[in-house]
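Notes follow once the structure below has been shown.
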Amino acid sequence: MKALKRKLALTASAAVLSALAATAVALPRNSPFGVTPPPQPEQAPLLRGCFLLYDLGAGEIRRFSSQEGCSRRVAPAATFEIAAALAGLDSGSARSNDISGGQSLDSALAYSSPEYFRGVSEQMGAVRMGEYLSRFNYGNADTRSGGEYWNGGSLQISPEEQMQFLRRLFRDELGVSRQAMAQVREPLVQPPGLLVGSYGGMPVRRVFRYDNAPMLGKSGSVVVGGREAVRWQVGQIERGTRRYVFVSCVTGAAGLPENAAATLAVTELRKSGVL
């Protein structure tokens, strides 16, 4: 019976991914000379999905993986800002009340400001930031490409590694001050009934979660190399005395909806009874 229920759950999750893929829109392939070249045979990126749910008091309680989606490293996109904020606060390169480019640390975390975190990264330097990421066991901890290395550059992390990082964050076990970890968690509070993702200060993704349980959340969205879309939704939910950490990641063709990971997360959280 348990095996049958698990098979049905996996089938339902696969159906969610297929529905998301069906809404993807192909991007134009225009040359710099204003002439659209003839289509070239090119294999589209595989549609991959991962959802992980961890009870901080009981361990992992749910896992969905399609095409090795949980172990494959991809760009962290804006979810990296959690690690960057922790490193910035601990090193003194960022302060919660300081304003840079019209953004405070709180607003930059809440609204995903790449400009703000580019400034934090430049002030710290790639080597020092890499040292913090290594301390956090944050994916490959590779900052060598420079620029926004978290948005399709050298830095990559798998959903499984993302879960390990978040578990330590929500347990106050990351090796930085508890005050820093509390300051980073505060701007991640989600509005009742919604998962909201933003980019550059503009809300771009909203998914109804049909529930008012206290939730922290962070989304990420990037298209790497003009071909592969990477969508993230991570967070924590409280249910009474229990706390659940979740990671959702969906990758696929460039037109993959920006709320793909949030949609998968809500689907899985409802099936697990957390929402």
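Computed from the coordinates by the stated procedures, all read-outs in this text should not be read as laboratory data. What you see is a predicted model, and the numbers here were worked out from it, not measured in a lab. Here the Cβ is made from the backbone with ideal geometry for all residues, glycine too, and neighbour counts use every protein chain on show.
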Between GLU122 and ARG242, what is the spin-label point distance in nm, taking each point 7 Å from the Cα along the Cα→C-beta axis? 4.7 nm
Among PHE170, PHE117, PHE246, what is the fewest-to-most ranking by other Cβ atoms within 10 Å? PHE170, PHE246, PHE117
How large is the translational diffusion coefficient of the stretch 45-272 in µm² per second when you combine the Kirkwood radius over alpha carbon pairs with Stokes-Einstein at 10 °C and 1.306 mPa s? 92 µm²/s
Under 1.5 on a/c is rounded, so check that first for the stretch 54-113, then, if it is not, pick prolate when a/b is larger than b/c and oblate when it is not; a ≥ b ≥ c are the square roots of the alpha carbon gyration tensor eigenvalues. prolate
How long is the gain from ILE61 to ASN137 if the chain were fully straight, where each residue apart is worth 0.36 nm and the alpha carbon distance is subtracted? 25.1 nm
Contact order relative to length for the stretch 45-272, counting C-alpha pairs under 8 Å separated by 6 or more residues, stands in percent at 25 percent
Using the beta-carbon distance between ARG144 and SER71 and R0 = 25 Å, what value does 1/(1 + (r/R0)^6) give for FRET efficiency, to the nearest 0.05? 0.65
For a label point 7 Å from the Cα of ALA213 along Cα→C-beta, name the residues of the stretch 244-275 whose backbone N is under 15 Å from it. 244-248, 265-275
